[in-house]
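The values are calculated or read from the model by the stated rules, or taken from the named source; none is laboratory data. As the structure is a prediction and not an experimental result, all values here were calculated from the model. Here Cβ is always computed from backbone atoms with ideal geometry, including for glycine, and neighbour counts include all displayed protein chains. For accessibility, only protein heavy atoms count, side chains too; no ligands or nucleic acids. Shrake-Rupley method; radii C 1.70, N 1.55, O 1.52, S 1.80 Å.
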Amino acid sequence: MKLAEALALRSDLQKRAAQLQVRLNNNARVQEREKPAENPQTLLAELDTIMAELEDLVTRINLTNSAPLPTGETITALLSRRDCLSKKTETLRNFLACASNLTSRSTRGEIRVYSTVQVPELQKQVDALSRQLRELDTRIQGLNWTIELQ
């Protein structure tokens, strides 16, 4: 199984577990002399099965992600880099939006508002970070479809 397939299966198992939570909650209590729509013991057994499968799968994904690539890096390190690049890019975009939003003056007597940074230079930096993020994400996706799950 490829890593990408395992990631899709993990997502499916997580959704099934969430659906079981709702089904269990819906069948937790009934009125006197009524029966639940579904047997909670059956649902709990299904939850145990799903959680055992999910635990095994997540362990294998984590082992795969932490194994060294031919470049010496790990997918875990690449994922961390992607998350940090994404957060930094988002933060700089928001800052750039604030720095670019200058209020217009109606009269000469109004207070002038200036940006605290050089917006064009910062925009170039954000564009470069965005490109790095796209390239890194593409690399990670490619690895997901070529690496076998441990």
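Remark: accessible surface ordering of Lys88, Lys35, Lys124, Lys15 (largest first) is Lys35, Lys124, Lys15, Lys88, probe radius 1.4 Å. Bridgeable lysines around Lys124 (alpha carbons under 19 Å apart, same-chain partners fewer than 8 residues away excluded): Lys87, Lys88. On full extension, the segment bounded by Thr146 and Asn101 gains 11.7 nm, given 0.36 nm per residue less the C-alpha separation.
Charge dipole of segment 70-134 (Cα centre as origin; +1 on each Lys and Arg Cβ, -1 on each Asp and Glu Cβ, all else neutral): 140 debye, rounded to the nearest 20.
Regarding segment 68-150, what is the average projected area of its C-alpha convex hull, in nm²? Show your work: numbers first, answer last.
Details: hull surface 28.5 nm².
Mean shadow area of the hull around the Cα atoms is 7.1 nm².
Separation of segment 1-27 from segment 94-149 is 35 Å, based on Cα centroids. Taking amide H positions as modeled 1.01 Å from N, with prolines and chain starts lacking one, the residues under 5 Å from Lys2 and 5 or more places away or on another chain are Leu149.
Per-residue ellipticity at 222 nm for the chain, helices alone: DSSP H runs ≥ 4 residues times -39500 (n - 2.57), over residue total, nearest 500 deg cm²/dmol? Helix-only estimate at 222 nm: -25000 deg cm²/dmol.
Positive-end ranking of Thr146, Thr71, Ala6 along the dipole of the chain, with charges on Cβ about the Cα centre, is headed by Thr71.
Binning the C-alpha pair distances of the chain at 5 Å intervals from 0 yields a P(r) profile of 2, 8, 12, 11, 10, 9, 9, 9, 8, 7, 6, 5, 4, 2, 1, 0, 0 %, listed from the shortest bin outward. Summarising the amide proton neighbourhood of Thr74: residues at separation of 5 or more, or on other chains, whose placed amide H is nearer than 5 Å comprise Leu69. 3J(HN,Hα) along segment 84-95: 5, 4, 4, 5, 5, 4, 4, 5, 5, 4, 5, 4 Hz, from the Karplus curve 6.51 cos²θ - 1.76 cosθ + 1.60 with θ = phi - 60°, whole Hz, x for Gly and Pro. Phi-derived couplings, Karplus 6.51 cos²θ - 1.76 cosθ + 1.60 at θ = phi - 60°, listed residue by residue for segment 30-39: 9, 6, 3, 6, 10, 10, x, 5, 9, 6 Hz, with x used for Gly and Pro.
May I ask you to derive the FRET efficiency for Asp83 and Glu53 from their Cβ-Cβ distance with R0 = 22 Å, giving the value to the nearest 0.05? If you can, show how the numbers build up before the last one.
Details: r = 26 Å, r/R0 = 1.20.
Calculated transfer efficiency: 0.25.
Rounded to whole numbers, the Karplus 3J(HN,Hα) couplings from phi for segment 47-59 are 5, 4, 5, 5, 5, 5, 5, 5, 4, 4, 5, 5, 4 Hz, using 6.51 cos²θ - 1.76 cosθ + 1.60 with θ = phi - 60°, and x at Gly and Pro. Using a cut-off of under 15 Å, list every residue of segment 122-140 whose amide N is near the label point 7 Å from the Cα of Ala4 along the Cα-to-beta-carbon line. Label zone hits: 137-140. For the chain, the Cβ-based charge dipole about the Cα centre amounts to some 860 debye (Lys, Arg positive; Asp, Glu negative; other atoms uncharged).
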